[in-house]
Amino acid sequence: NAYVREHLLPRLHGFELMMAPYAIAHMKIGLKLAETGYTFPEDGPRVNVFLTNTLEPPHEIQPQLEAMAPMLAHEARAANLTKERLSTTVIIGNPPYAGHSVNNNVPSIVDAVHEYKRGYPDLQKPGQGKWLQNDYVKFIRFAELRLIGTGIGILGFITDHSYLDNPTFKGMRRHLRASFPWLRIADLHGNSKKKERTATGGKDESVFAITQGTAVGLFACGPGLEPSEMDFNLFGTASFKFEALLSRPLTQQHLHVLNPTEPFWLFKQQEQAGRKHYETGWPLPQIFDRNGDPAPGLVTTHDQFAISWDAREARRKVEALLATSNEAEARELFQLCTQNQWNYARAKQELADGKWKRKIVPILYRPFDTRVTVYDSNVAVHRRQRMSSHLLSGNNVSLVCVRQVAEGVFSHALPSRTIVDNRCTFSSKGIAIQYPLWLYSGDAHRADLHDDDLISKLPGHSANLNPAFVTALREAMGLGESAWQPEKSAAPLNAEKVFHYLYAVLHSPQYRQRYAGFLRIDFPRIPVPGSRALFDVLSTLGGQLVQWHLLEHATAVEITTTTALEGVNVPAVFGYD
């Protein structure tokens, strides 16, 4: 009784936002203590679980709360006092997972999470790094600040496991390593979207009834603590995972040594085979860099309205919208975007002039599934003009790829002559990035691409290929400067041959299998060929595949992705045996 009263309860604190679990926490802690023989004295300490938002700093109590709910006001004052004075050495919890965080109205923690972007310009661009504001990331940052402020302690959270290897979280991982030299990661997997299996092919289930995979992260800091970074993985049914976690101490798990390094600081075992050679390759965004940063495909925000099977259906949909008398009537016809990017009144006003009829264009909606859309911001809301204008301005071809592979082996590369939807991939997860081969100049770059000049056919174009990459190819093949003639089909090195070479590498079974681990992390890297002969072979095969995948090859039935690249020694592309 004396221990609980004088040492345990004064040191045990909990924050809970919702009333029901707050009440249950009090009840269950009380029952557990009662089982040990403890009795709560009338003047003794309370169970310090407070009804409050963990992430909110201490704040002034409103007079209205004092008048209407004095008990809640008393609870709020006690929570404020704890937040102001508490020195923490151990933090445990299962924080909420919410990509669209409800705590974005708490400026202090939003700003604190921005520290995870420091030193990474790509994460600081608009729209980038938004998943760093997931609620569980905010709680990790909160806990990190608390423990660093104390100078010694341990953090134990079970969270979404995305932060272990997703590129968006690279700054977070680097920061956590600096704060906590000792870490243990138990990756419990169970991500239904990744479709992972056990070593024997059995089911891999989540420990919670959710689609996300989960991980337990243990992080420790303190004077003299030796750096030690290890992890282990659990695959299987939920019951198997529960039993393994309950029955085996951490020291008896099969631990792997981690070696987080630039640029991603992965909290997972990194494949070492071929890593040195793979990293000498050129990332796709660096190869196609003349058009700026990689751009995803279109996001209409309301496919039912914006995506049609043919031009007739597209016209019928817009005419039906224009015939409605109010927004409620329009929403009975179509599942329209509810976000503030699209406005019913503005759409009716701007579409009334009929110019949209000249903007009906094909779109690759899904692999080998070409449909049509109206390329107008009042129909297809996010049109990605900087990229898609080049596909609308003249004869072109583009490489459609993803940044990283969520599940299975990489198989996420397509050619397209049209604009594409952002989900035009061979996966339910992953955003389609489109790299046009040719860049058209002039009005195609204008921001107001929904006016009369939208789809002007412009003669001036140039290859969207990094000159340094072209030089690297040329030198590797022993060709002089005059060999590079981007538009001349008979030239030893032209833009289409380079495009076909890239496409062949991305479809090589050896490449996909050997570098599967790296292709799950970031944009694919393309090697410089070891010889001109190898480049020519791959370029020829890649050209056949492009024609086949565009459904343009005269003898498509004679070509398969498995036989076309059979026997090609892909490691020789990298210049090693």
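The values are calculated or read from the model by the stated rules, or taken from the named source; none is laboratory data. Because the structure is predicted, anything quoted here is derived from the model rather than measured. Cβ coordinates were reconstructed from backbone atoms using ideal geometry, including for glycine residues, and neighbour counts include every protein chain displayed. Surface areas here come from the heavy atoms of the whole protein model, side chains and all, with no ligands, DNA or RNA. Shrake-Rupley method; radii C 1.70, N 1.55, O 1.52, S 1.80 Å.
Data for the structure
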read-out	value
Directionally averaged shadow of the stretch 1-148, computed from the convex hull of its alpha-carbon atoms, nm²	10.9 nm²
DSSP-defined beta bridges in the chain - what % are antiparallel, rounded to 5	70 percent
Gained length - M230 relative to R417, 0.36 nm times residue gap less alpha-carbon distance	62.6 nm
Percentage of interatomic Cα-Cα distances in the stretch 91-201 larger than 16 Å	62 percent
Area accessible to solvent at R514, 1.4 Å probe radius, in Å²	90 Å²
Förster-model FRET efficiency, 30 Å R0, S239 and W182, C-beta, rounded to 0.05	0.50
Heavy-atom accessible area per residue - the chain, 1.4 Å, Å²	48 Å²
Carbon and sulfur %, accessible surface of the chain computed with the full protein complex present, 1.4 Å	55 percent
Calculated from backbone phi, Karplus (6.51, -1.76, 1.60) coupling profile of the stretch 181-197 in Hz, x at Gly/Pro	x, 10, 8, 9, 10, 9, 7, 8, 6, x, 7, 5, 6, 7, 6, 6, 10
Rounded tilt (10° steps) of 532-549 against the dominant C-alpha axis of the chain	80 degrees
Cα extents of the stretch 487-548 along the three principal axes, largest first (Å)	38, 26, 18
Chain lengthening between K195 and R331 when straightened (0.36 nm per residue, less Cα-Cα)	45.4 nm
Note, ³J(HN,Hα) from phi for the stretch 385-397, Karplus 6.51, -1.76, 1.60, rounded to Hz, x at Gly and Pro	4, 4, 9, 5, 4, 6, 7, 9, 9, x, 5, 7, 9
Neighbour net charge for H549 - beta-carbon separation under 14 angstrom, K R +1, D E -1	0
Which of R386, R474, R358 is most accessible, then next, and so on - probe 1.4 Å	R358, R386, R474
Distant-in-sequence amide H partners of W438 (H built 1.01 Å from N, under 5 Å)	V397, N464
Kirkwood-based shape ratio for the stretch 293-435, expressed as Rg/Rh from alpha carbons	0.99
FRET efficiency, I431 to H26 (Cβ-Cβ, R0 60 Å, nearest 0.05)	0.85
Contour minus Cα-Cα distance for K203 and Q485 (0.36 nm per residue)	96.2 nm
Using alpha-carbon coordinates, inclination of helix 495-506 to the longest axis of the chain, degrees	40 degrees
Distance histogram in 10 Å bins (all Cα pairs of the chain, percent per bin)	3, 14, 21, 22, 19, 13, 6, 3, 1, 0
Relative pair counts by distance (%), Cα atoms of the stretch 235-360, 5 Å bins	2, 7, 11, 12, 9, 6, 6, 7, 9, 10, 10, 7, 4, 1, 0
CD proxy at 222 nm, helix term only [per DSSP H run n ≥ 4: -39500 (n - 2.57); per residue of the chain; nearest 500]	-9000 deg cm²/dmol
Cα-based Kirkwood hydrodynamic radius, the stretch 1-69, one decimal, Å	13.8 Å
In nm, spacing of pseudo-spin labels at D310 and K276 (7 Å Cα→C-beta vector)	6.0 nm
Degrees separating the helix 70-85 axis from the principal Cα axis of the chain, which is the longest one	80 degrees
